[in-house]
Amino acid sequence: MLRQIEIEPRLTYNRSHIALNTVGYNFCWFHPRKLGNCHIECRVSEETRDAAVSNLQSSGIDASPLRNDFITFGITVQTLKLHQAVLVDVLKRAEEWSKR
């Protein structure tokens, strides 16, 4: 999804999670589950966090703020297909944060 908006992602595979970054800091952590869903934590700027949470919630994704600059939510493959545009927007905001 990020390659469609000309962002080249780099993945780091760890024992308990997969971290996502580009040229800056890690900005997203994926925690895959055995039941086919995935728990995601994204780090965004404090100014855009509430807007990103409300966008996710309005599209039907149960998202919540975590600390000052994190968003946490869970997705399934079906959710990913249905709400791809909203998820790309959140990942783009997180990627912009990582370049600070």
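Read-outs: derived from the displayed coordinates by stated rules, not from any lab. What you see is a predicted model, and the numbers here were worked out from it, not measured in a lab. Please note: Cβ atoms are built from the backbone with ideal geometry, for glycine as well, and neighbour counts cover all protein chains shown.
What to note about this one:
- The charge dipole of the chain, taken about the Cα centre with unit charges on the Cβ atoms of Lys, Arg (+1) and Asp, Glu (-1), comes to about 400 debye, rounded to the nearest 20.
- Neighbour-count order for 28, 38, fewest beta carbons within 10 angstrom listed first: 38, 28
- Each of 40, 76, 55 was placed along the dipole of the range 30-92 (beta-carbon charges, centred on the mean Cα), and the one lying farthest toward the positive end is 76.
- Sparsely packed trypsin sites (Lys or Arg not before Pro) within the range 1-71, loop by DSSP, other Cβ within 10 Å at most 14: 15, 33, 34, 67
- Only helical runs count toward this figure. For the chain, summing -39,500 (n - 2.57) over DSSP H runs of n ≥ 4 and dividing by all residues gives -10500 deg cm²/dmol at 222 nm.
- Compared with the direct C-alpha span, the chain from residue 45 to residue 23 gains 6.2 nm at full extension, assuming 0.36 nm per residue.
- Estimated inter-spin distance, residue 54 and residue 13, nm [label 7 Å along Cα→Cβ]: 4.0
- Mean projected area of the convex hull spanned by the Cα atoms of the chain, taken over all viewing directions: 6.2 nm².
- Proximal aspartates and glutamates to residue 34, defined as alpha-carbon separation beneath 20 angstrom and excluding residues fewer than eight positions away on the same chain: 62
- One decimal place: the segment residue 76-residue 99 gains 5.5 nm when fully extended, by the rule 0.36 nm per residue minus the C-alpha distance.
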